[in-house]
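A short worksheet on the structure shown next.
The values are calculated or read from the model by the stated rules, or taken from the named source; none is laboratory data. All values derive from a computational prediction rather than experimental measurement. Every residue, glycine among them, receives a Cβ derived from its backbone with ideal geometry; neighbour counts consider all protein chains shown. Side chains are part of the model used for accessible areas, which takes the heavy atoms of the whole protein and leaves out ligands, DNA and RNA. Shrake-Rupley method; radii C 1.70, N 1.55, O 1.52, S 1.80 Å.
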Amino acid sequence: MESERELLSVEENPRKGGLRTMPFIIVNESFERVASFGLQANLIIYLMTYYNMSAATGTSILGIWTALSNGLALFGAVTADFYLGRYRAVAYGSISTLIGMIILWLTSMIPQLKSLPCSQFQHACNGPTLLQLAVLFSSFGFMSVGAGFVRPCSIIFGADQLENRKNKRILESYFNWYYASSGISTILAVTLIVYIQDLYGWKVGFGVPTILMFLSVLMFQIGSPLYIKVKAKTTENLVIGLFQAAVAAFRKRNTRLPLTDCDEFYRWPLESEVFTPSKDFRFLNRACIIEDPQRDLNPDGSASNPWNLCSVEQVESLKALIKALPMWSTCFMIFVDMNVFSFSLLQTKTMDRHIFPHFEVPAASFSVFMITALTIWIAFYDRVLVPLLSKYTGQPRGLSPVTRMGIGLISSGMSIALSAITESIRRQRAIEEGLEEDPNALVNMSAMWFVPQYALLGVAEATHGVGQVEFFYALFPKSMSSISSSMYTVGTAVSSLIGSILVSGVDWLSSTGGKTSWLSSNINKGHIDYFFWLLSFLSFLNFLYFLVVCRFYETENDEMSRSPHVADEEECDYRLLHES
């Protein structure tokens with residue numbers, strides 16, 4: 001169809017795209033990950049030390065920053081699909097991230113941009129000035145805008161280079177290996193970059209990620225002549241079209257739906273492959289019913305008022321989004337669990353982190369165990385489990401995306417429960433050793449106790465993250481491909497916001513009446529273990545909700561058919577949700 005060809009039109013050159021573009025795209029993403037995560041790993045310590053913030057305040061600010069970065073993914077996806085195209089979106093986003101990193105680097109270089117350090121004689125430390133906060137938050141802002149463009153578009157931009165290849169296995173493996181390369185990059189960030197920060201200080205520690213980000217931008221631009229650049233569809237804004245479909249359905253809520261599926265009742269563009277709307281969510285079909293051809297249609301067949309009459313494609317796109325929302329909402333809790341990393345950092349700083357007598361693991365590097373588990377699991381699943389499981393399940397990817405999402409939720413809940421148990425033991429030992437008043441003193445306990453929960457959290461992210469990306473990529477129409485990718489990042493944004501509200505709420509409620517907050521900066525006097533048990537309980541409730549949502553999809557499966565312009569039926573594990 002013409003509209004689809006317009007959206008997917010590319011430069012017709014057989015030398016463009018393919019595996020030759022992967023080094024530039026993967027290196028760009030890898031350097032960006034090393035730079036971004038290298039900055040974030042120790043940032044709570046930077047805020048507490050140089051901006052005199054409490055642990056709860058710093059965690060809340062970092063949570064809001066994460067929420068903004070991931071929330072802007074929806075804006076970036078829409079802008080890429082309908083205005084810039086994915087190539088320019090990734091390019092502009094990378095430059096914006098570089099600018100933000102340069103500003104943050106300057107805060108470590110210029111003393112006037114940081115708060116005065118607290119002395120041991122001060123009862124209350126001097127807080128940051130408005131100018132200092134403005135500079136700090138501007139750096140976060142630029143990096144958030146950059147992440148909003150890069151995160152939803154980079155992975156799909158890579159898929160654009162491979163989508164026309166005959167071997168579908170290459171495209172299927174691409175998602176897993178992209179995720180694995182991101183994991184390896186994060187390992188380097190939380191080991192090498194964190195080690196540099198601890199050894200050489202923040203000036204060098206922030207400067208190295210900034211240089212890597214510059215190389216990321218440069219590498220992406222070098223590969224520009226080889227890329228397939230899918231053109232943006234500028235004739236119609238999908239997001240506005242979704243709103244138009246919702247408004248039209250509401251305006252015509254009293255219109256009677258036809259008893260038959262005759263085409264003449266509905267408006268459909270001549271170039272569309274969709275002739276009649278699907279039967280699920282039939283109340284939305286009113287949006288594309290022609291009540292009066294003389295009034296509703298222009299002489300050329302277009303709608304005279306798009307807020308009163310929509311195409312079938314607009315209605316079906318809205319239905320696809322609605323179908324995705326219940327499953328999407330089940331992902332929030334797993335990311336809330338992952339966002340408590342700042343408190344885990346404070347815990348490991350008070351423990352023995354030696355692996356060998358003369359080698360101590362930096363506290364911020366303990367997330368390497370999570371990333372290592374993530375990377376190993378993805379490789380093991382893709383190369384070992386998929387061939388074995390596919391023989392028994394009949395699915396090309398071994399397990400359905402929904403089944404993998406469920407495994408991820410279970411693993412996440414188990415991880416946070418283990419964290420609660422470990423913190424209870426650590427806190428009790430600190431009190432027994434007389435360290436309750438000294439949050440910086442080392443407890444006679446190995447930090448290796450945290451390795452199992454970090455590993456479980458890595459498996460949780462690997463199974464849930466890849467499953468969710470595949471689920472939404474298969475569910476949404478081709479015209480919504482970047483939006484399907486942004487569902488994951490927007491979900492993490494909502495989770496970060498929920499996590500920040502939860503941290504602030506628990507800090508406030510637990511400190512009422514002059515009591516010590518559960519989330520006190522002095523973790524020996526606080527009760528982080530209580531907070532972890534709360535998260536564990538919420539994770540359990542979320543898993544029960546997930547099971548209810550799976551049942552809903554199983555019940556509605558026969559009626560919830562996808563429109564023809566979506567991926568082939570075998571790509572979508574939607575009909576196989578019974579296995580979950």
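Take the conditions under 17 Å from the mean Cα position of the chain (by Cα), open to solvent by 10 Å² or more (accessible area, probe 1.4 Å) and not hydroxyl-bearing (Ser, Thr, Tyr) and apply them to residue 451. Does it pass? No; evaluated as a whole, the condition is false for this residue.
For every residue, the table says whether it meets (1) charged (D, E, K, R); (2) closer than 20 Å to residue 362 by Cα; (3) open to solvent by less than 30 Å² (accessible area, probe 1.4 Å).
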position	(1), (2), (3)
42	no, yes, yes
46	no, yes, yes
49	no, yes, no
61	no, no, no
66	no, no, no
70	no, no, yes
73	no, no, yes
76	no, no, yes
82	no, no, yes
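Annotation note: Cβ proximity below 6 Å between a residue of the range 133-151 that is under 15 Å from residue 72 (Cβ atoms) and a residue that is buried (at least 24 other Cβ atoms within 10 Å of the Cβ) and acidic (Asp, Glu) (sequence gap 6+ or interchain) occurs for no pair. The residue of the range 391-406 that is surrounded by the fewest Cβ atoms within 10 Å (Cβ to Cβ), among those that are under 17 Å from residue 549 (Cβ atoms) and of a type outside the set (Gly, Ala, Ser), is 403. Within the range 189-227, if we keep just the residues that are more than 18 Å from residue 150 (Cβ to Cβ) and in contact with a Lys or Arg (Cβ under 9 Å, 6 or more places away or on another chain), the residue that is surrounded by the most Cβ atoms within 10 Å (Cβ to Cβ) turns out to be 226. Of all the listed residues (503, 494, 490), the sole one being surrounded by 20 or more Cβ atoms within 10 Å (Cβ to Cβ), of a type in the set (Val, Ile, Thr), at pLDDT 85 or above and under 24 Å from the mean Cα position of the chain (by Cα) is 503. Every condition in (1) modelled with pLDDT under 80; (2) part of a loop (DSSP other than H, G, I, E, B); (3) out of contact with any Asp or Glu (no Cβ under 7 Å at 6 or more places or on another chain) is met by residue 305 except one, and the failing one is (1). Just one of the listed residues (94, 36, 138) is assigned to a helix (DSSP H, G or I) and either open to solvent by 20 Å² or more (accessible area, probe 1.4 Å) or on the phi > 0 side of the Ramachandran plot (or both), and it is 138. Here residue 419 passes the criteria (1) over 25 Å from residue 328 (Cβ atoms); (2) under 19 Å from the mean Cα position of the chain (by Cα); (3) buried (at least 23 other Cβ atoms within 10 Å of the Cβ) except the one numbered (2).
Out of contact with any helix residue (DSSP H, G or I) (no Cβ under 6 Å at 6 or more places or on another chain) and either closer than 29 Å to residue 542 by Cβ or part of a helix (DSSP H, G or I) (or both): does that describe residue 291? Spelling it out, it is not the case that residue 291 is out of contact with any helix residue (DSSP H, G or I) (no Cβ under 6 Å at 6 or more places or on another chain) and either closer than 29 Å to residue 542 by Cβ or part of a helix (DSSP H, G or I) (or both).
Of all residues in the range 295-324, which are open to solvent by 50 Å² or more (accessible area, probe 1.4 Å) and either at positive phi or among the aromatic types (Phe, Trp, Tyr) (or both)? Within the range 295-324, 307 is the sole residue that qualifies. Here is the figure for the range 330-350: residues that are of a type in the set (Ser, Thr, Tyr) and either touching a strand residue (DSSP E or B) at 6+ places or on another chain (Cβ under 7 Å) or within 14 Å of residue 402 (Cβ to Cβ) (or both) total 2. Of everything in the range 275-288 that is part of a loop (DSSP other than H, G, I, E, B) and buried (at least 16 other Cβ atoms within 10 Å of the Cβ), the residue that is modelled with the highest pLDDT is 281.
Of all residues in the range 232-264 being basic (Lys, Arg) and modelled with pLDDT of 75 or more, which is surrounded by the most Cβ atoms within 10 Å (Cβ to Cβ)?
252
Restricted to helices (runs of 4 or more DSSP H) entirely inside the range 327-406, those with at least 1 residues that are under 25 Å from residue 539 (Cα atoms), in contact (Cβ under 8 Å) with a residue 60 or more places away in the chain and within 17 Å of the chain's Cα centre (by Cα) are 332-338, 368-380. For the range 454-477, the set of residues classified as open to solvent by less than 10 Å² (accessible area, probe 1.4 Å) and either farther than 30 Å from residue 320 by Cβ or charged (D, E, K, R) (or both) consists of 458 only.
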